[in-house]
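The values are calculated or read from the model by the stated rules, or taken from the named source; none is laboratory data. Here the structure is a predicted model, which means the values were calculated and not measured. Don't worry about glycine lacking a Cβ; one is built from the backbone with ideal geometry, like all the others, and counts go over all protein chains shown.
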Ligand SMILES: [Zn+2]
């Protein structure tokens, strides 16, 4: 399969891009006529890398707007009560709604952490996006369920679809014992997987950890358990001190910033200047739809910049080019996906942005516009691994996905 994108703007100059199978095969105008199975008119469009959302609970899209305006622990109690009633069908339909929203807002990959992994796998596979499906682990699931979850992870470690990987995902230090963390990390190491978790999200998590574990911060506690490495992908990482940031940099673990969720649940401000200074691996994620309430990475980029600027009273606490790289190339790289840049030989993941959209003009700097001005309506086309998943804002089956999500949200 060959796709030719003609007359598209790349780095502010017009060019042609040939995608062969799943890679960017040639970038540049050709003297000879080029044959292709599909020709996309790129006139008045910019080609950019798409987004890699490194922390999400996609199934929670079915709970959008269910409970609002509470602090984290009260909010969690209400959400957990409702989640206990959710079925495999609810999660399947919630995840499809989430993936539809992600495709429409320019995302080709998400790291997910939730229940009913078979439902999530089915939804991801049908819709053709990339995902790291984190199997959520907590002690209160009971030994039998935990054993089943680990058996699933071992069985699916080398799953046939190259777009999909799995991860053990111990929920957090306040829901998982040290024994469970170690078991999860060993599973990740044995199967060459990543391990996802939530970490240092609130002040009370840090204080409780210090009380329970000889004055250790959550980062020190996990380091001493031996579960921090480049396989460890930790969401939030809000309340890191200097030593925590140094440990993360040394272990090469990934800190996923979730600015909307941290603001909405009043969890605190991610220490962007500290994390940058210590050369930590920083990625970006939306978190689940109940704490955001959407999955737009363009919004997440803008909030990340604004939060850093206001939080640290510094205009360059996080710049547009930096956050764009964090949301695209960096996320792909941390997950070992050879994508996130429009370059020959890379996997063909990209978005085409409509430069005739009023939010994209004047187009002095497309990255400034994407970070501070754009929303999903500016994204016209999305290609994931050489397949067009959205063209002219249309995604296959979108009406049916929305109808079914409406039905399942009520039942
Ligand atoms: Zn989360």
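Scanning segment 319-362 for residues that are buried (at least 16 other Cβ atoms within 10 Å of the Cβ) and in a loop (DSSP other than H, G, I, E, B) yields 319, 335, 337, 339, 340, 341, 342, 346, 348, 349, 355, 357. Only residues that are crowded, with 24+ Cβ neighbours inside 10 Å and in contact (Cβ under 8 Å) with a residue 40 or more places away in the chain: list them for segment 89-99, please. Within segment 89-99, 93, 94, 96, 97, 98, 99 qualify.
Could we say that residue 58 is at pLDDT 90 or above and within 16 Å of the ligand (Cβ to nearest atom) here? When the stated conditions are applied, residue 58 passes them. Could you run through segment 265-286 and say how many residues are more than 18 Å from residue 232 (Cβ to Cβ) and buried (at least 20 other Cβ atoms within 10 Å of the Cβ)? Number satisfying all stated conditions: 5.
Within the option set 186, 246, 201, 205, being within 16 Å of the ligand (Cβ to nearest atom), in a helix (DSSP H, G or I) and assigned by TED's automatic domain parsing to the domain that holds residue 73 holds for one residue only, 205.
Checked against the criteria, residue 253 counts as closer than 16 Å to residue 282 by Cβ, away from the ligand (no atom under 16 Å from the Cβ), in the same structural domain as residue 132 (by TED's automatic domain parsing) and in contact with a strand residue (DSSP E or B) (Cβ under 8 Å, 6 or more places away or on another chain). Among the residues of segment 147-166, those identified as in contact with a helix residue (DSSP H, G or I) (Cβ under 7 Å, 6 or more places away or on another chain) and within 15 Å of residue 181 (Cα to Cα) are 150, 153. Restricting the search to segment 111-142, which residues are within 16 Å of the ligand (Cβ to nearest atom) and either in a strand (DSSP E or B) or under 16 Å from the mean Cα position of the chain (by Cα) (or both)? Within segment 111-142, 111, 112, 113, 114, 120, 131, 132, 133, 134, 135, 136, 137 meet the criteria.
Within segment 277-293, does at least one residue satisfy the condition of being free of Cβ contacts under 8 Å to residues at least 60 places away in the same chain, within 16 Å of the ligand (Cβ to nearest atom) and either within 25 Å of residue 189 (Cα to Cα) or more than 17 Å from the chain's Cα centre (by Cα) (or both)? Within segment 277-293 (the criterion being free of Cβ contacts under 8 Å to residues at least 60 places away in the same chain, within 16 Å of the ligand (Cβ to nearest atom) and either within 25 Å of residue 189 (Cα to Cα) or more than 17 Å from the chain's Cα centre (by Cα) (or both)), the answer is no, since none of the residues qualifies. Among the criteria (1) closer than 23 Å to residue 55 by Cα; (2) assigned to a helix (DSSP H, G or I), the one residue 408 does not fulfil is (1).
Among the residues of segment 372-391, the ones that are in contact (Cβ under 8 Å) with a residue 60 or more places away in the chain, surrounded by fewer than 22 Cβ atoms within 10 Å (Cβ to Cβ) and more than 23 Å from residue 37 (Cα to Cα) come to 3 in all. When 74, 89 are checked against the criterion of being outside any strand (DSSP E or B) and either touching a helix residue (DSSP H, G or I) at 6+ places or on another chain (Cβ under 8 Å) or not assigned by TED's automatic domain parsing to the domain that holds residue 199 (or both), 89 stands alone in meeting it. Taken over segment 37-50, the criterion of being surrounded by fewer than 19 Cβ atoms within 10 Å (Cβ to Cβ) and either under 12 Å from residue 386 (Cβ atoms) or in contact with a helix residue (DSSP H, G or I) (Cβ under 9 Å, 6 or more places away or on another chain) (or both) is satisfied by 37, 38. Scanning segment 226-241 finds no residues that are in the same structural domain as residue 138 (by TED's automatic domain parsing), more than 16 Å from the ligand (Cβ to nearest atom), outside any loop (DSSP other than H, G, I, E, B) and in contact (Cβ under 8 Å) with a residue 12 or more places away in the chain.
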